[in-house]
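Reading through the structure tokens given below for one structure.
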Amino acid sequence: MGKSSSKKQASMIFVTKTPLESSQQTALRTHPISDTKVQNTTTVVYPQMYKGHFDKLILSNYDIQKRCKEMAIYIHNTYPHNEPLVLMCTLKGSAPFFSMLCNELSLVGHPYMIEFYRAQSYEGLSSSQHVKMDASQLPKSIQGRHLLIVEDIIDTGLTMQKLMEAVETKNPKSCKACSMLVKRLEQESGNTTNQVSFEQELIGFSIPDKFVVGFGLDYNQMYRDLRDIWILNETGIKYGGFEK
Ligand code: IMP
């Protein structure tokens, strides 16, 4: 036996597509929670200086990671395995979620490319109803590829709607939204839903209509550093508003 052939081959694992029942696929798509249900609070830590700034813990880092694993399986079972999926992170808020989702996708062995894009619609606590974005800065890799826009949170849906319209001009093979959170907005009828309708491909969690911070989500650029997601209270708003 030659010297080279006696060398041990590195073992590789190829993950193949696992067929899922359509009901299982649907179950993986969205995971609504109530305002009170936090699945694991044992590892919650935050900087001491933020003490008293939050009303309630809404999602722990553990909850988000668990959900990212499910979302990665859903993506792996939905998109082709012989071409990279373009994952476009909308800056800045989506960065921690994006990184966690990418890690889980790598673990299931799904091929992907990463891109970043900046879009801004919120000023302080509310939507400005005007989305700031520069379509000329959209990545070229979108063209002819399957695209998943990775967002932190969908509130009125305006930012995502504008983003979808902008990326369509770059002719992707397909374009879907993937958001860590979506807010349930109250309608006049008393029902809760999203205001703007578009095809929401993949949602991490549906949350109540409250202003939340942490895990990338900010209030005036603050609180992005939190590991978990919290409802901001009056003290936090005052502090984040720099009225110390
Ligand atoms: P929309 O255009 O109204 O859907 O707002 C989406 C954008 O507003 C997100 O990308 C966030 O940057 C921001 N946003 C909406 N709700 C919240 C929140 O509760 N906390 C922090 N940012 C938010």
Residue match in the range 129-137 (condition: in a helix (DSSP H, G or I) and either within 10 Å of the ligand (Cβ to nearest atom) or not polar (S, T, N, Q) (or both)): yes
Tally of residues being among the hydroxyl-bearing types (Ser, Thr, Tyr) and modelled with pLDDT of 90 or more across the range 180-236: 3
Yes/no for Gly204 being closer than 22 Å to Met71 by Cα and either outside any strand (DSSP E or B) or away from the ligand (no atom under 13 Å from the Cβ) (or both): yes
Qualifying positions in the range 151-186 - away from the ligand (no atom under 11 Å from the Cβ), open to solvent by 20 Å² or more (accessible area, probe 1.4 Å), closer than 24 Å to Gly216 by Cα and of a type in the set (Val, Ile, Thr): none
Number of the exception - Phe116 against (1) modelled with pLDDT under 95; (2) within 16 Å of the ligand (Cβ to nearest atom): (1)
Leading residue by the ranking (surrounded by the fewest Cβ atoms within 10 Å (Cβ to Cβ)) among those in the range 139-150 that are part of a strand (DSSP E or B) and either away from the ligand (no atom under 13 Å from the Cβ) or hydroxyl-bearing (Ser, Thr, Tyr) (or both): His146
Some residue of the range 130-138 being within 16 Å of the chain's Cα centre (by Cα) and either at pLDDT 80 or above or open to solvent by less than 30 Å² (accessible area, probe 1.4 Å) (or both): no
Test result for Ser99, open to solvent by 30 Å² or more (accessible area, probe 1.4 Å) and either assigned to a helix (DSSP H, G or I) or modelled with pLDDT under 95 (or both): yes
Within the range 105-117, considering residues that are open to solvent by 10 Å² or more (accessible area, probe 1.4 Å) and part of a helix (DSSP H, G or I), the one farthest from Asp218 (Cα to Cα): Val108
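The values are calculated or read from the model by the stated rules, or taken from the named source; none is laboratory data. Keep in mind that what you see is a predicted model, and the values were worked out from it rather than measured. Backbone-built Cβ (ideal geometry, glycine too); neighbour counts: all protein chains shown. Surface areas here come from the heavy atoms of the whole protein model, side chains and all, with no ligands, DNA or RNA. Shrake-Rupley method; radii C 1.70, N 1.55, O 1.52, S 1.80 Å.
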